[in-house]
Ligand code: G3P
C-alpha cells in the first residue's frame, strides 16, 4: 500500500517525509487555503520535498478552463498529478487529458458508477471519500471495496486512493480491503505511530537494562 500525506503544510510534509514512509502528497483548495497567498511557491516546494506523486487540484470551473489549467499544473514539476473533481461536464476533458498522458486523480468520488466511468477513461488515481460518505450515513469502506473489485473485475489500470480518512480505524479498514493508496491527514499519521504497549515495553526494557548497572552493551 502506498502512503500519501493529505496536507499542503510544508513543515508537516518535511517532518513526515523524513521518516521515509511517505510515497506522495495530496493537496486540495481547502488545505492550500491554510498556507497563505503564495500557492504556487507552496506547491513547488512540496514537489521538491517529496519525490513521489503530488496531487494538485484545479480551481477553474468551465471545462475548457479546467483543461488549460490542468496542462499548466502538469508542467509545474515532473511528479505532479492533476486533481479534478468528478462531474459529467468534465468527462470529455478528463478523457482528453488522460489520452495526452497527463496523470490524473479524480476526486470527490462517492459511488461505484463514478469509479467505473473515470477508470474507463484511463485516469491514474480515483479518490473515494470515506469520511464524507459516512457523514451522510453511507458505507465508505464498502465503496473502497467496490472500487477495488471494479478495477480488478474489468481489468482497468486506475489505482484506488482512499481519501477523507479521519481515523486510524479508517486506515486499518481500507488496508483490509486492499486499497492501492491511502492519503492520511498528519493527525491520523501521528496517532497511528503511538501504541501504549510499545511505550510501556520500552520503559520496561530501559528499567531492566539500567538495573544491570553496565555502561556498554557490547563490552
Ligand atoms: O483528500 C481529501 C480529504 O482531504 C478530504 O478529507 O476530512 O475534509 O473529508 P475531509
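Read-outs throughout are calculated quantities, based only on the coordinates presented, and are distinct from any laboratory measurement. None of the values given here were measured: they were computed from a predicted structure. Heads up, the Cβs are rebuilt from the backbone with ideal geometry, glycines too, and the neighbour counts pull from every protein chain shown.
A few comments on the model shown:
- The angle between the Cα long axis of helix 63-74 and the main principal axis of the chain comes to about 40°, on a 0 to 90 degree scale.
- Of every Cα-Cα pair in the chain, the percent that sits beyond 32 Å: 24
- Cα→Cβ-extended label distance, 7 Å offset, between residue 202 and residue 34, nm: 2.5
- When you restrict to C-alpha pairs under 8 Å that are six or more residues apart and normalise by the size of the chain, the relative contact order lands at 17 percent.
- Convex hull volume of the C-alpha atoms in segment 13-74, normalised per residue: 86 Å³.
- In degrees, nearest ten, helix 39-49 long axis to first principal axis of the chain (Cα): 50
- Highest average first, the peptides 49-60, 75-86 ordered by how many other beta carbon atoms sit within 10 Å of their residues are 49-60, 75-86.
- Alpha-carbon centroid distance for the pair segment 166-219 / segment 89-134, whole angstrom: 35
- With only Cα atoms counted, segment 20-112 has Rg and Dmax values of 13.1, 39 Å.
- For segment 33-67, backbone nitrogen atoms closer than 11 Å to the point 7 Å from residue 193 Cα along Cα-to-C-beta are found at no residue.
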